[in-house]
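See below for the structure under consideration.
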Amino acid sequence: MAVGIDDGPYRLRSATDAAWHQTGYGQPMTIGRRLADAFRAVMRMILPVLALCTALAALYLYMDTALPYFAAGKTPWLTVSHLLLPAAFLAVHLTNRRYGPAYAFAQIVLSFAAVGAAIVFGAQIIQLLLPEAAFPSVREVASFGGAFFVAGFLAIIAFDGARGPRWWTAPLIGSIVASLVFAPIFYAAAYAGSHTPWFEHMAIHAGLLLAGSVLGLLPYWMVRRIVQPLPGFGGF
């Protein structure tokens, strides 16, 4: 049974499988080596954090660009940012593919921290650089952050568990999990108890996210030869 657990078809991998050198007996980890490993980890996170922050910024920039075919009365509720959400999950999938779940989760945490710091300390500069958009309410922002965090975390686990010889399995399952988790949490937390027909909006948006899960396989396929998994992480 112990062998089956260690060598079975699924084992939640972490960045230590590929990112950190193993220390054998009689070879203590020196301070210099620890600093070198920490520096390497920081350098690896630069591009993933920039990619996710860019995707989150695009969600804000296009949140007032409506899609008229999905209008609730005279007020169009579905915007371009709703369709760009799969791009944010794609950025997490690529990090998970390359470095593993630990780095992917750190990507989400660090990106949220960077966005929060920018809002707190650089709000005036952001208003000058970015076009003015209808800023969402505090409840909507908190609901989005919580829903994205939970959906991203579960998508990371699903992606890592679905690694295998078929390259499309992990990103597809990860995106489907993210879609089915994000929509209910966000719309229920942001609009439950209001006059917004949030359940209908949730169903439509969830359907679009599921469609985006399939369409997102195309850009994933295009960059997967560039973003190769490190040794220790399966998937092709």
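The values are calculated or read from the model by the stated rules, or taken from the named source; none is laboratory data. The structure displayed is predicted, hence computed values, not measured ones. Please note: Cβ atoms are built from the backbone with ideal geometry, for glycine as well, and neighbour counts cover all protein chains shown.
Filtered by the rule that a residue be free of Cβ contacts under 8 Å to residues at least 60 places away in the same chain, over 11 Å from the mean Cα position of the chain (by Cα) and part of a helix (DSSP H, G or I), the stretch 148-178 gives ALA158, THR169, LEU172, ILE173, ILE176, VAL177.
The rows are residues; the columns are (1) modelled with pLDDT of 90 or more; (2) crowded, with 16+ Cβ neighbours inside 10 Å; (3) within 23 Å of the chain's Cα centre (by Cα); (4) of a type in the set (Gly, Ala, Ser).
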| site | (1), (2), (3), (4) |
| --- | --- |
| ARG11 | no, no, yes, no |
| SER14 | no, yes, yes, yes |
| MET29 | no, no, no, no |
| CYS53 | yes, yes, yes, no |
| PRO86 | yes, yes, yes, no |
| TYR103 | yes, yes, yes, no |
| ALA113 | yes, no, yes, yes |
| ALA123 | no, no, no, yes |
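If you go through the stretch 190-232 and keep only what is among the charged types (D, E, K, R) and under 30 Å from TYR103 (Cβ atoms), you end up with ARG224, ARG225.
Examine the stretch 116-126 for a residue that is hydrophobic (A, V, I, L, M, F, W, C) and touching a residue at least 40 places away in the same chain (Cβ under 8 Å), and state whether such a residue exists. No, every residue in the stretch 116-126 fails to be hydrophobic (A, V, I, L, M, F, W, C) and touching a residue at least 40 places away in the same chain (Cβ under 8 Å).
Table: residues versus (1) under 30 Å from PRO229 (Cα atoms); (2) at pLDDT 95 or above.
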site: LEU110; (1), (2): yes, yes
site: ALA155; (1), (2): yes, yes
site: GLY161; (1), (2): yes, no
site: ILE173; (1), (2): yes, yes
site: ILE185; (1), (2): no, yes
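Among the residues of the stretch 139-170, those identified as among the charged types (D, E, K, R) and more than 18 Å from HIS82 (Cα to Cα) are ASP160, ARG163, ARG166. For ALA203, the criteria (1) of a type in the set (A, V, I, L, M); (2) out of contact with any Ser or Thr (no Cβ under 8 Å at 6 or more places or on another chain); (3) within 30 Å of PRO231 (Cα to Cα) hold in every case but one, which is (3). Within the stretch 57-80, identify whether any single residue is outside any loop (DSSP other than H, G, I, E, B), touching a helix residue (DSSP H, G or I) at 6+ places or on another chain (Cβ under 6 Å) and at pLDDT 85 or above, and answer yes or no. Looking through the stretch 57-80, at least one residue is outside any loop (DSSP other than H, G, I, E, B), touching a helix residue (DSSP H, G or I) at 6+ places or on another chain (Cβ under 6 Å) and at pLDDT 85 or above.
For every residue, the table says whether it meets (1) within 17 Å of VAL150 (Cα to Cα); (2) among the aromatic types (Phe, Trp, Tyr); (3) at pLDDT 95 or above.
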{"site": "LEU180", "(1), (2), (3)": "yes, no, yes"}
{"site": "GLY193", "(1), (2), (3)": "no, no, no"}
{"site": "LEU209", "(1), (2), (3)": "yes, no, yes"}
{"site": "LEU215", "(1), (2), (3)": "no, no, yes"}
{"site": "ARG224", "(1), (2), (3)": "no, no, no"}
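Restricting attention to the stretch 205-214, the residues that are surrounded by fewer than 15 Cβ atoms within 10 Å (Cβ to Cβ) and not small (Gly, Ala, Ser) total 1.
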